[in-house]
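Novice: I'd like to ask you about the structure that follows.
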Amino acid sequence: MKKPAIILIASALSLSIGAVNADENAVRQAIIKSIPSVKIDSIKPSEINGVYEVIVGANIFYVSDNGKYLLQGRLIDVETRTDLTEAKLGNIRLQAIEKIGQDNMIVFKPKLSKYKVSIFTDIDCGYCRKLHSEIDQYMAQGITIQYLFYPRAGKGSDSYNKAVSVWCAKDRNAALTAAKKDQGVEAKTCENPVDEHMKLAEAFEVRGTPMIITEKGNIYPGYLPAKQLVEALESEK
């Protein structure tokens with residue numbers, strides 16, 4: 001869900017329930033009444049008294065218990081210096097990726113897998129190509145890579161059409177490697193998950209590619225060499 005929609009929710013809440021005391025159900029009903037298309041995944045009390053945590057897709061925002069105020073940002077435990085919002089977002093990201101399913105991704109898996117990451121990639125992105133050109137190094141480090149497509153030029157672009165053609169190829173892994181080397185890939189169309197990948201990327205607010213998501217749901221934007229990525233993954237344990 002994009003930020004303008006969150007702002008719209010904030011306005012809707014203030015108009016719908018104003019300063020009237022509201023419980024969880026009242027906040028939910030106010031949002032649904034004002035914006036019927038919004039799918040609320042959960043509403044529950046946050047770590048702050050009088051503030052509710054609202055999850056919509058891959059986003060978290062906070063609403064006062066009187067329904068008048070909406071906060072968008074990070075909730076930090078000052079004592080432990082813990083980003084409570086990021087920890088929860090990590091779980092949300094993992095659930096969303098699991099919902100896509102490995103069968104709907106292009107997976108490069110080493111003989112002995114020690115780690116697993118999901119990467120939003122654009123076939124025509126320079127650093128995406130650099131990362132993939134070192135795929136053997138990632139495999140040697142025991143890193144399973146699950147690719148999701150995010151052609152930044154948008155649906156119908158040349159990058160988008162390449163992603164569809166790669167998915168529809170007989171050997172998707174080989175076709176992806178060829179496409180990233182700027183070698184010709186036969187143009188094809190078929191049922192594919194590219195739009196679903198793009199929708200997820202937008203929910204995750206992907207701003208550039210590659211974007212790496214770890215097994216803990218943490219994000220590393222941009223290219224990371226295999227050894228540096230292993231160090232990052234080891235630090236999560």
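The values are calculated or read from the model by the stated rules, or taken from the named source; none is laboratory data. Here the structure is a predicted model, which is why all the values come from computation and not from measurement. Note that each Cβ is placed from the backbone with ideal geometry, even for glycine, and that neighbours are counted across all protein chains shown. Accessible surface areas use protein heavy atoms only, side chains included; no ligands, DNA or RNA. Shrake-Rupley method; radii C 1.70, N 1.55, O 1.52, S 1.80 Å.
Novice: Go through region 164-181 and give me each residue that's without any contact (Cβ under 8 Å) to a residue 12 or more places away in the chain and either surrounded by fewer than 21 Cβ atoms within 10 Å (Cβ to Cβ) or more than 14 Å from residue 123 (Cβ to Cβ) (or both). If you could, list the steps in order and put the result at the bottom.
Specialist: Taking region 164-181 first, the residues without any contact (Cβ under 8 Å) to a residue 12 or more places away in the chain are 170-171, 174-175, 178.
If the condition is that a residue be without any contact (Cβ under 8 Å) to a residue 12 or more places away in the chain and either surrounded by fewer than 21 Cβ atoms within 10 Å (Cβ to Cβ) or more than 14 Å from residue 123 (Cβ to Cβ) (or both), then 170, 171, 174, 178 are the ones that fit.
Novice: Using the structure shown, decide if residue 51 is of a type in the set (Val, Ile, Thr), farther than 30 Å from residue 149 by Cα, modelled with pLDDT of 80 or more and in contact with a Pro (Cβ under 8 Å, 6 or more places away or on another chain).
Specialist: Numbers: of a type in the set (Val, Ile, Thr): yes; farther than 30 Å from residue 149 by Cα: yes; modelled with pLDDT of 80 or more: yes; in contact with a Pro (Cβ under 8 Å, 6 or more places away or on another chain): yes.
The answer is yes for residue 51.
Novice: Restricting to strands (runs of 3 or more DSSP E) lying wholly in region 35-137: which have 1 or more residues that are basic (Lys, Arg) and open to solvent by 20 Å² or more (accessible area, probe 1.4 Å)?
Specialist: On the way: elements: 42-45, 51-56, 59-64, 106-108, 115-121.
The strands (runs of 3 or more DSSP E) meeting that bar are 42-45, 115-121.
Novice: Does any residue in region 185-211 that is within 15 Å of residue 157 (Cβ to Cβ) and in contact (Cβ under 8 Å) with a residue 60 or more places away in the chain come within less than 9 Å, Cβ to Cβ, of a residue that is open to solvent by less than 50 Å² (accessible area, probe 1.4 Å) and part of a helix (DSSP H, G or I) six or more places away or on a different chain, and which pairs are these?
Specialist: Qualifying pairs under 9 Å: 197/100; 197/163; 209/128; 209/201.
Novice: For the subset of region 204-231 comprising residues that are within 11 Å of residue 143 (Cβ to Cβ) and buried (at least 16 other Cβ atoms within 10 Å of the Cβ), which member is nearest to the chain's Cα centre (by Cα)?
Specialist: 212
Novice: While we're looking at this one, here's another question. From the list 43, 119, which residue is within 30 Å of residue 173 (Cα to Cα) and β-branched (Val, Ile, Thr)? Quick ask: steps written out before the conclusion?
Specialist: On the way: 43 fails: within 30 Å of residue 173 (Cα to Cα).
Result of the check over 43, 119: 119.
Novice: Turning to a different aspect of this structure: Report whether or not residue 161 is part of a helix (DSSP H, G or I) and open to solvent by 60 Å² or more (accessible area, probe 1.4 Å).
Specialist: Yes; evaluated as a whole, the condition is true for this residue.
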